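**Student:** Starting off with a structure, shown below.
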Amino acid sequence: MDAATTYRTVVWSAGAGCHGGCGQKLVVKDGRLAQVEGDEDNPWNQGRACPRVLALTQYMYHPDRITRPLKRVGARGEGRFEPISWDEAFDTIEKRLKDIREKHGAESVVFAQGTGRDIGGPLTFLAYAYGSPNWAQLGLSGQSCYTPRLGSMKAVMGDFGVVDCSQFLEKRYDDPQWQPPEVIITWGQHPANGCPDAFFGHWIIDCMRRGSKIIAVDPRSTWTTARAAHHLQIRPGTDGALAMGMLNVIINEDLYDHEFVDKWVHGFAQLRERVQQYPLEKVAAITEAPAEQIAAAARMFAGAKRGAIHWGVPIDMCADSTAVAHAIICLWTITGNIDIPGGQVIARPSHGVSTYPYSTEELVQLYGEELRQRLMKKRIGADAYPMVRDFRGWAQPDMVIDQMFTGKPYPIKGAWIQTANILGGQAARAKFHFEALNKMEFVVVVDLFHNPTTMALADIVLPAATFAEKDSLRAWWAPLSIIQKRVQVGECKSDWEINFELARRFDPESTKRWATLKDLFDDRLRPAGLTFNEMAEQGGWKMPPEGPFKPYRRHERGLLRRDGKPGFSTSTGKVEVYCETFKSWDLDPLPYYREPPQSATSTPELFEKYPLVMITGARSQLYFHSEHRMIPWLREKMPDPLVEVHPETAVRYGVQDGEWVWLENDMGRVKRKAKITRQVKPGHVHTMHGWWLPEREGKAPDLFGVWEYQINTIVPGPQCSKSGFGGGQYKTTLCRLAKMGQ
Ligand code: SF4
C-alpha cells in the first residue's frame, strides 16, 4: 500500500469541463486519485476550487465512464457497442476517413468541438493534417460564444481586453502597480457561478472586497445584482440599445475622457452623431429599464477613475452581436480605461506562446499563412461572410449543418466530434442536427461518457482522458501553464495523444519533425525559451515577462503595434469607434442596436401566441454545459431541470411551485419543473440548457430523454447576424407554459 503523494497540476477540460486555468493539488494513493484540493501557490485561483473539480474522483472512477475504444455493432441508435483495441480503432478511422478524402475531398469531413476547452489546439492540428478547412463549434448557432466579442475587439482595438484583476501580475493584488477598478459593469454574467474564458469568476468578488462598486446588467436577479449599485434588469436581447443609450449620456453630458479620445480614438465625431439616434426615452422603452437608472449608471461608470466591463455570452446571443460588442467596447474606450491599472487590461497569450488559435495571428503562428489561404477556399461560410473568412479559422456552424443536410455546394460525408455532446448540448434546432448528422457515412466521437450524441450517431467512440490523466499546454493569457499527467484510468488517452497519432497517419510529411508529443509541446513553448520538462521543474506555470504580454499603458510605449510605434494594432493605429475593419467586411462601421428576431415588436402575431421570453443557459457551479448530470455529489444539489417563473406569470398559467410543466412553441415542447421565484421578471422565464438524463434508457428513441428535456429543441436557427458570428437565439426565443396533460 503506497503512501499518498500530492501532485500539483493545472485544470483544463475534462473532469471539471470548464475553460480551466486553476491550479489544483491531486492526492494520489496506489495509482488512484483520492482527493482534490485547490493549490494555494497557484496565482490564478490562489487555492480555490469549485464543486465540479472537487467531485473529480466520482467523475474519473464513475462506473459508466468509457475506458476502452468502442465500435458500434447493429444499427445507429440501438446503443450496442463492443470494445476494440486502440490499434483497431486507429486503423479503422484511418481507412474510413482516407476513403472519404479520396472520394469526396478532405473538406467533406467536419471536425467539431464544444466550447473553449483544451481542444482547439489538438483539433485544428488533426483537421489540418487531414486537410479539412471545416473546424467548427457545430450546433452553436452563430458561434455565439465569445468569438463575436473576440472578433469585435480585434477589429476595433487590435487586441483583446478583460477586467484588470491583477491576473497578469505575479504578486497579484499585492503588486504595487495594481489598483482595484472603482466601478465594474458585470454585463450578462454572474461571476461567482463560473470561470468564463480564462477568467476566474471570483476575481470580481476579490475586487469588490477591495472597494470596487458594481453596475449589473442582467434580466435576472442574482447574488451579484443584489450587491450592485445599479441593477439594470433589461429585456433580453436589448443590450445593444442599453450600451448606445449609455454612450448617448456620456457623450452628450461631456463625461468622456477628452485626452484619450483626442489622442487614441478614430472616428469619434461619427460615433457622436450615431448615438443621437438613442435618446434615453427611446432606450428605456426598448430595454424596459428606467431612463434615470440608465443615466445614473452611465454617469457612475464615466465618473470612475478606473472602470472596466466584465461581459458574458448574452452579448454574443443578441441580434447583430458584433455591433453590440462594438458599442460596449466604445464605453470602456471613450472613458479612457484601456490598459490602465484597474481598467480594461489588454490580454495577450503569455510569452507569445500559442496553443489554440484564438485569433487569426495565432492561427498563422501555428500553421502558416499559406495553409490559412489554402483552407479558406473551401471553408464553409468564408465566402458568405468576410468576418468569418478573416477572423480565426472557424467554419460557420449554421451553414455547416445546413450543408450536411443538403450536400450543397459540396457534400459532407463524415464528422469527427470531440468535447461536444452536440444533440444534448449546444445545438439550436437540435432535432435538425440529428437528422443532418445521421446522414454522415462515418462519425467518430471522442468523449468520456455515453450521451445522446454517442448513442444516436457514433460509429466509433474513443475514451478521452481528464486533465489529471494527461500532459498538455495552456497559454490562454496568463499564466503560461502546463498540465501534467498524474494518473491513468483504463485505456483512456488525451485529446492530444489521439489527434497526434492520427495526424501522423493522415499527413506523415508535415508531422515528421515531431517524434513525440513532447517534441510538439517543446516546439510550441519555444517563444518562452523553456521546454515542457523545464516548466515542470519550475512549478508548472510562468507569469508574463515585461514587454508586449504584460500591462500597463503598452499603447503609449510602442508595445502593441508590429512596427513598434506607439498606438494600437489597427489599420489607423487608434481604437476605431468608427471601425475601418468592419467597413471592409461590409458591416456597419459604427455600433447600433437591432431588435431580437422574435419579440412583441418584430413578431407581434407570434408574441400573441407565445408571450414569454425564454432565457436559456445561465451558468451553474454544478454542471458545465451538458456535463456532470451523472455525478452523485453534484446531481443531488439539482436533481431536476427547472424553469424559473415569476409569481405573476405562474398565476396567469395556473402553475404551482414544483409542478412539472411544458415549455412550448411552434418547434415543439420540453419538460421542466417549475420554480416560482422573483429572480425573473413577469413575462420572462429562465431555464438551464444541456439537460438529458443519464439514468434513462440510452438507446433510441429515448436517447437519455434528450428530446423531452433538451431546451435547444425549441430554440430556432439559423443565427441572426450580418457578420456570420453571433445572433444565436438562445436568450430571446418566445414560448409559453402549458400544464402537463394540456
Ligand atoms: S470552474 Fe474554475 S475553479 Fe472550477 S475547475 Fe474550472 S477553473 Fe477551476
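**Student:** At q = 0.15, 0.24 Å⁻¹, work out log10 I(q)/I(0) for segment 109-187 with the Debye formula, treating every Cα as an identical point scatterer and leaving solvent out; two decimals please.
**Tutor:** Evaluating at q = 0.15, 0.24 Å⁻¹ gives log10 I(q)/I(0) of -0.78, -1.14.
**Student:** Follow-up. How much mean residue ellipticity at 222 nm does the chain get from its helices, if each DSSP H run of length 4 or more adds -39500 (n - 2.57) and you divide by all residues, to the nearest 500 deg cm²/dmol?
**Tutor:** -8500 deg cm²/dmol
**Student:** Right, next: Expressed as a whole percent, how much of the Cα-Cα distance distribution for segment 577-649 exceeds 19 Å?
**Tutor:** Distances greater than 19 Å cover 65 percent of the Cα pairs.
**Student:** If each of K739 and Q276 carries a label point 7 Å out from its Cα toward its Cβ, how far apart are those two points in nm?
**Tutor:** 5.6
**Student:** Counting only residues 5 or more places away or on other chains, whose amide H sits under 5 Å from the amide H of I412 once H atoms are built in the peptide plane?
**Tutor:** Amide H neighbours of I412: G407.
**Student:** For segment 99-109, just list the computed ³J(HN,Hα) in residue order, Karplus coefficients 6.51, -1.76 and 1.60, θ = phi - 60°, integers in Hz, with x standing in for Gly and Pro.
**Tutor:** Coupling constants for segment 99-109: 4, 5, 4, 4, 7, 10, x, 4, 5, 7, 10 Hz.
**Student:** What spacing in nm lies between the two simple spin-label points modelled at R557 and Y410, each 7 Å away from Cα in the Cβ direction?
**Tutor:** The answer from the label model is 4.7 nm.
**Student:** Here is a further query. Compute the Rg to Rh ratio over segment 320-405 from the alpha carbon atoms, using the Kirkwood formula for Rh, and round to two decimal places.
**Tutor:** Values: Rg = 16.4 Å, Rh = 15.3 Å.
With Rg and the Kirkwood Rh in hand, the quotient comes to 1.07.
**Student:** So what is the diffusion coefficient of segment 9-117 in µm² per second by Stokes-Einstein at 37 °C and 0.692 mPa s, using a Kirkwood Rh over Cα pairs?
**Tutor:** For these conditions, the coefficient is 190 µm²/s.
**Student:** Also: In segment 431-476, which trypsin sites (Lys or Arg not before Pro) fall in coil by DSSP and have 12 or fewer other Cβ atoms within 10 Å?
**Tutor:** Of the trypsin sites (Lys or Arg not before Pro), not one in the loops of segment 431-476 has a Cβ with at most 12 other Cβ atoms within 10 Å.
**Student:** Roughly how many Å² is the accessible area per residue of the chain, as a whole number, for a 1.4 Å probe?
**Tutor:** About 33 Å² of surface per residue is accessible.
**Student:** Determine ³J(HN,Hα), in whole Hz, for all residues of segment 568-574 in sequence, where each value follows from phi through the Karplus function 6.51 cos²θ - 1.76 cosθ + 1.60 and θ = phi - 60°; x replaces Gly and Pro.
**Tutor:** Going residue by residue, I get 10, 7, 10, 4, 9, x, 10 Hz, with x marking Gly and Pro.
**Student:** Once amide H atoms are placed 1.01 Å from N in the peptide plane, what residues at a sequence separation of 5 or more from I380, or on another chain, have their amide H within under 5 Å of its amide H?
**Tutor:** Q396
**Student:** Can I ask one more? In whole percent, how big is the carbon plus sulfur part of the accessible area of the chain, probe 1.4 Å, protein atoms only?
**Tutor:** 50
**Student:** Same structure, new question: Hey, rough spin-label estimate for A269 and R227, points 7 angstrom out along Cα→Cβ, what's it come to in nanometres?
**Tutor:** 4.6
**Student:** On to the next question. Contour minus end-to-end for R32 and D657, with contour as 0.36 nm per residue of separation and end-to-end as the Cα-Cα distance?
**Tutor:** Numbers: separation 625, 0.36 × 625 = 225.00 nm, distance 4.30 nm.
Extra length available between R32 and D657 comes to 220.7 nm.
**Student:** Relative contact order for the chain: what is it in percent, counting Cα pairs under 8 Å that are at least 6 residues apart?
**Tutor:** Working: 1764 pairs, mean separation 146.9, N = 742.
RCO, the chain: 20 percent.
**Student:** Please name whichever of L33, M387, L502 sits farthest to the positive end of the charge dipole of the chain, dipole taken about the Cα centre and charges placed at Cβ: Lys and Arg +1, Asp and Glu -1.
**Tutor:** About the Cα centre, the residue reaching furthest to the positive side is L33.
**Student:** Additional query: So what's the net charge close to K25: Lys and Arg +1, Asp and Glu -1, counting the other residues with Cβ under 11 Å from its Cβ?
**Tutor:** Net local charge, K25 excluded: -2.
**Student:** Right, here's the next one. Sorted by mean Cβ packing within 10 Å, highest first, what order do the peptides 533-541, 102-110, 120-128 take?
**Tutor:** Values: 533-541: 15.9, 102-110: 19.1, 120-128: 24.8.
Top to bottom by mean Cβ count within 10 Å: 120-128, 102-110, 533-541.
**Student:** Report, by chain and number, residues whose modeled amide H sits under 5 Å from the one on T67, excluding near sequence neighbours (fewer than 5 apart, same chain).
**Tutor:** none
**Student:** OK, next. Hey, any idea what Rg/Rh is for segment 657-729, computing Rh the Kirkwood way over Cα pairs?
**Tutor:** 1.03
**Student:** Could you pull out the chymotrypsin sites (Phe, Trp or Tyr not before Pro) across segment 257-337 that fall in loop regions by DSSP (anything but H, G, I, E, B) with no more than 11 other Cβ atoms inside 10 Å?
**Tutor:** Here no chymotrypsin sites (Phe, Trp or Tyr not before Pro) fit, given the DSSP loop and packing criteria.
**Student:** About its Cα centre, what dipole magnitude does the chain give when the only charges are +1 on Lys and Arg Cβ and -1 on Asp and Glu Cβ, stated in debye to the nearest 20?
**Tutor:** Details: 90 positive and 87 negative charges, 71 e Å.
Around 340 debye, computed over the chain.
**Student:** If you place +1 on the Cβ of every Lys and Arg, -1 on the Cβ of every Asp and Glu, and leave all else neutral, what size is the dipole of segment 605-724 about its Cα centre, to the nearest 20 Debye?
**Tutor:** 300
**Student:** Moving on to the next point. I need the semi-axes of the equivalent ellipsoid of the chain: take the C-alpha gyration tensor, multiply each eigenvalue by 5, square-root it, list largest first in whole angstrom.
**Tutor:** After scaling each eigenvalue by five and taking roots: 37, 32, 26 Å.
**Student:** Can you work out D for segment 179-284 in µm² s⁻¹ from Stokes-Einstein, where Rh is the Kirkwood radius over C-alpha pairs, the temperature is 4 °C and the viscosity is 1.567 mPa s?
**Tutor:** D, rounded to a whole number, is 84 µm²/s.
**Student:** Using the Kirkwood formula over every pair of different C-alpha atoms, what hydrodynamic radius in Å results for segment 589-742? Each step should come with its number before you reach the end.
**Tutor:** Values: mean 1/r = 0.0607 Å⁻¹.
Computed over segment 589-742, the radius equals 16.5 Å.
**Student:** Sorted from largest down, give the three principal axis spans of the alpha carbons of segment 495-560, whole angstrom values.
**Tutor:** Principal axes ranked by extent give 48, 27, 19 Å for the Cα atoms.
**Student:** Using the Karplus curve 6.51 cos²θ - 1.76 cosθ + 1.60 with θ = phi - 60°, what ³J(HN,Hα) values do you get for each residue of segment 419-431, in whole Hz, with x for Gly and Pro?
**Tutor:** Per-residue couplings from phi come out as 6, 9, 8, 4, 5, x, x, 7, 6, 5, 6, 4, 5 Hz.
**Student:** Roughly how big is segment 182-319's charge dipole about its Cα centre, with Cβ charges of +1 (Lys, Arg) and -1 (Asp, Glu), in debye to the nearest 20? Can you show the working numbers first?
**Tutor:** On the way: 13 positive and 15 negative charges, 69 e Å.
Here the size comes out at about 320 debye.
**Student:** Okay, moving on. Show me the ranking of peptides 168-179, 601-612 by mean Cβ neighbours inside 10 Å, starting with the highest.
**Tutor:** 168-179, 601-612
**Student:** Order 627-635, 33-41 from most to least packed using the mean count of other Cβ atoms within 10 Å.
**Tutor:** Numbers: 627-635: 20.4, 33-41: 16.9.
In descending order of packing, they fall as 627-635, 33-41.
The values are calculated or read from the model by the stated rules, or taken from the named source; none is laboratory data. Not measured: the values here are computed from a predicted model. Cβ atoms come from the backbone with ideal geometry, glycine included; neighbour counts cover every protein chain shown. Please note that ligands, DNA and RNA were not included when accessible areas were found on the heavy atoms of the full protein model with its side chains. Shrake-Rupley method; radii C 1.70, N 1.55, O 1.52, S 1.80 Å.
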